[in-house]
1. Right, ILE262: more than 22 Å from LEU104 (Cα to Cα), of a type outside the set (S, T, N, Q) and surrounded by 18 or more Cβ atoms within 10 Å (Cβ to Cβ) or not?
2. Might you let me know whether the range 187-198 holds any residue that is within 19 Å of ILE262 (Cβ to Cβ), in a strand (DSSP E or B), modelled with pLDDT of 80 or more and not small (Gly, Ala, Ser)?
3. Select from the range 173-219 the residues that are β-branched (Val, Ile, Thr) and touching a Leu at 6+ places or on another chain (Cβ under 9 Å) and list them in ascending order.
4. From LYS95, LYS48, which residue is over 24 Å from HIS27 (Cα atoms) and out of contact with any helix residue (DSSP H, G or I) (no Cβ under 7 Å at 6 or more places or on another chain)?
5. It is to be established whether one or more residues within the range 237-251 are surrounded by fewer than 21 Cβ atoms within 10 Å (Cβ to Cβ) and in contact with a Cys (Cβ under 9 Å, 6 or more places away or on another chain).
6. Assess whether GLU33 counts as being surrounded by fewer than 11 Cβ atoms within 10 Å (Cβ to Cβ), modelled with pLDDT of 85 or more and not assigned by TED's automatic domain parsing to the domain that holds TRP253.
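The values are calculated or read from the model by the stated rules, or taken from the named source; none is laboratory data. All of these numbers come straight from a predicted model, not from anything done at the bench. So basically every Cβ, Gly included, is an ideal-geometry build from the backbone, and we count neighbours across all protein chains shown.
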Amino acid sequence: MKKIVAALMTGLILSTVAVTTASAEEHEVQPGENLWDIANEYNTTVDKLVQINDLKTTVIQPKQTIYINNTYVVQQGDTLLSIAKDHEVSLEELKEWNNLDSALIVIGQELEIQNVGGDQVKREAPEEVKEEEQAVAKKEEATQPAPKQKTSSNTADSSNTTKEQQPQGKTISVTSTAYTASCDGCSGITSTGVDLNKDPFAKVIAVDPNVIPLGTKVHVEGYGYAIAADVGGAIKGNKIDVHVPTKDEAYNWGVRTVNVTIVE
């Protein structure tokens, strides 16, 4: 089938981050300072500081702690929904704060988390937003490995956790690009008959059948569990093409080296 191949990013290699990384930059208010001074110092806006710190007024006091930002570095096994739940924010808020058009994230990506200064306000999402989040959760649970457990100081426990999460099977290193069936002239039908237009979220990869036989279930690092259900003229040797719903997601995937575990 005809594909749109993303080749804007090269040499991006995913690696497991050993420790969950989250940081909040703090500023202690000095005598004579106001919120405008602090915003200028940190190259941000008063409105953003008010929102992050859940302030009811722009009046601040000496020795008061002002949080500038809060960032979270995406770990292996994370999903946007799991990160939102961990920080008690909604999926839509997390997308809005980070200008995301979809729930696709990659290991090492930094996400901004707002409302982290004091008492965090829990918002009741509209019913349609709740339904969307539940649908995303079901899709991610069905296609991605379990989220990475928090790092333990006990070496034995940490080792056991890693073994439980590691997919079983032969693992090979491949060069990966991405494609979408959502393009002019694309049939949307894979070489094995999967209709990607009917199921744009299907986890499918194109492979060289001499390396990974068609119909094989695999686990792709940073993508999740998938089926080898397609081929491509440029997919030769240790190369794969992962299917994503949109062109933007294909461009964001770029070209990267990933580990593929042949599950069956």
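1. Values: more than 22 Å from LEU104 (Cα to Cα): yes; of a type outside the set (S, T, N, Q): yes; surrounded by 18 or more Cβ atoms within 10 Å (Cβ to Cβ): yes.
Taking the combined requirement at face value, the residue satisfies it.
2. no
3. We begin by selecting, within the range 173-219, every residue β-branched (Val, Ile, Thr); these are 174-175, 177, 180, 189-190, 192, 194, 204-205, 207, 211-212, 216, 218.
Passing the criteria: THR180, ILE189, THR190, THR192, VAL204, VAL207.
4. Numbers: LYS48 fails: over 24 Å from HIS27 (Cα atoms).
Testing whether each residue is over 24 Å from HIS27 (Cα atoms) and out of contact with any helix residue (DSSP H, G or I) (no Cβ under 7 Å at 6 or more places or on another chain) leaves just LYS95.
5. Yes, that holds for at least one residue.
6. Values: surrounded by fewer than 11 Cβ atoms within 10 Å (Cβ to Cβ): no; modelled with pLDDT of 85 or more: yes; not assigned by TED's automatic domain parsing to the domain that holds TRP253: yes.
No; evaluated as a whole, the condition is false for this residue.
Each row is one residue, and each column tells you yes or no for (1) of a type outside the set (D, E, K, R); (2) in contact with a helix residue (DSSP H, G or I) (Cβ under 8 Å, 6 or more places away or on another chain); (3) within 14 Å of TYR179 (Cβ to Cβ); (4) part of a loop (DSSP other than H, G, I, E, B).
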position	(1), (2), (3), (4)
VAL218	yes, no, no, no
TYR225	yes, yes, no, no
GLY233	yes, no, yes, yes
ILE240	yes, no, yes, no
